[in-house]
Each structure stands twice: as C-alpha cells, then as structure tokens.
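For reference, the structure is listed below as structure tokens.
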Amino acid sequence: NSAVGIALVRDRKIVWGNLKLATLLKLSAEALPGYSLSQCYATPEDYDRFGRECYPVLASGTPYIVEMPIMAADETIFWARISGQAINPDAPLDASIWVVEDISERKQMEQRSRQMLDIFEASPDFVGIASTDGKAVYLNPAGRALIGMSKEADITSMDIGEFFPDWANKLNQEEIIP
C-alpha cells in the first residue's frame, strides 16, 4: 500500500513493480513484468534522451532524479518525479531500482501560480502580498512604480502598513484583520 510506484528495472524493462506503479501506468499488476519503458514516453526521442541522460549518472553511483511527463498505457500523460539508483554502478542497465511519484497536482498548482503571477505582473493596479505577520512579500511592478520604488528594491523587511495611508491602516487594524 505504497504512495509511490516502485520498480526493479533491467535493460529498460520492468522486472517487478508494486501495485501503485501499475495504477500509475494504468496497467494490471500482471502486465508489469516485461513492460518496456519505451511505452512510457510520448516519442522515441524522449525515450532515447532519457537513456542518454540517466545511465551515465547511474554509472557514477549517483541517484538520477528528474521531473517529467510520463505516458500511461491508455496514453494519458501525468507528471512524475522519478528517482533511480543502479544496483551495480558498473552495469547500470543490469538492474536499477526506481521510485515514481505522481506530481501532477503540484505541477497544476505551479502552473496556476505562474498564471496568477503573470496577471499580477501585467496589472496596472497596485498588487501587494503580505505574510500573516504583515511583512511585505510581493509588490507588482505597477505598485512599485506608484510608490516610486525600484524593481530591485528589497521589500521583505517592510511592513505592509507602510504602503497605506493612516486611515487605511486604521481600517485594517480595527475591521479587516480581527
């Protein structure tokens, strides 16, 4: 009952995999042994590139860790964090252990965050973000221009109240924050 897929791989084919790996790849547990990893890539070029990049790292005795899209058996794509280690670095193709974690939700959240940041950056309005203790953590370019602050200026030591007139600070303290 693992949260991650685990596989023993030999010659870029699955020798053994846990049930979570089968679930991630949308295969039955019986279909895992002998499953060619070439089927997990959108193109043969992606498969070749992965081999060129990872096997020299494994041969050095270092784990290989990457985040990349993986294609399941039904041809749906999911984002995975993949980490592998050769059992014998002198012959990494002979046997390696791999862990596969579905990070699709995290990648979607990162994409949404980037989209929101793009909106903030393009907004002609003052957009600021503060931590729960009232310290400024972000101020968009329009906000910086409105108060005469350079793009490079560090705002992290500033209290968000420094950006508001007295009446707005009073409103924040008496009605909004409590």
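The values are calculated or read from the model by the stated rules, or taken from the named source; none is laboratory data. On a predicted model such as this, the values are computed, not experimentally measured, just so you know. Glycine also receives a Cβ, built like all others from the backbone with ideal geometry; neighbour counts cover every protein chain displayed. Surface accessibility is based on the protein's heavy atoms, side chains included, excluding ligands, DNA and RNA. Shrake-Rupley method; radii C 1.70, N 1.55, O 1.52, S 1.80 Å.
Near Asp94: Cβ cut-off under 9 Å, other residues only, Lys/Arg at +1 and Asp/Glu at -1. The net charge is -1.
Could you list the square roots of 5 times each eigenvalue of the Cα gyration tensor of the stretch 1-73, that is, the equivalent ellipsoid semi-axes, sorted largest first and rounded to whole Å?
Semi-axes, largest first: 20, 15, 12 Å.
Hull volume per residue, based on the alpha-carbon atoms of the chain and their convex hull, is 193 Å³. Quick check: the angle from helix 104-122's long axis to the longest principal axis of the chain, C-alpha only, nearest 10 degrees? Its long axis makes an angle of about 30 degrees.
Angle of helix 44-59 to the longest C-alpha principal axis of the chain, folded into 0 to 90 degrees and rounded to 10: 90°. Under 27 Å of direct C-alpha separation, and excluding same-chain neighbours fewer than eight residues apart, Lys135 reaches these lysines: Lys151, Lys170.
Phi-derived couplings, Karplus 6.51 cos²θ - 1.76 cosθ + 1.60 at θ = phi - 60°, listed residue by residue for the stretch 80-94: 10, 9, 10, 10, x, 9, 6, 5, 10, x, 6, 9, x, 6, 5 Hz, with x used for Gly and Pro. GNM on the chain, alpha-carbon springs under 10 angstrom: the most fluctuating residue among Leu24, Leu139, Leu32 is Leu139. Once backbone amide H atoms are built at 1.01 Å from N, Ala73 has Lys26 as its partners under 5 Å, excluding neighbours fewer than 5 places away on the same chain.
For Ile103, the residues whose modelled amide H falls within less than 5 Å of its own, excluding neighbours fewer than 5 places apart on the same chain, are Trp79, Ala80, Arg81.
For the chain, a Gaussian network of Cα nodes joined below 10 Å ranks Met68, Met158, Met116 by mean-square fluctuation, and the top entry is Met158. Solvent-accessible surface of the stretch 110-175, taken per residue with a 1.4 Å probe and all protein chains present: 72 Å².
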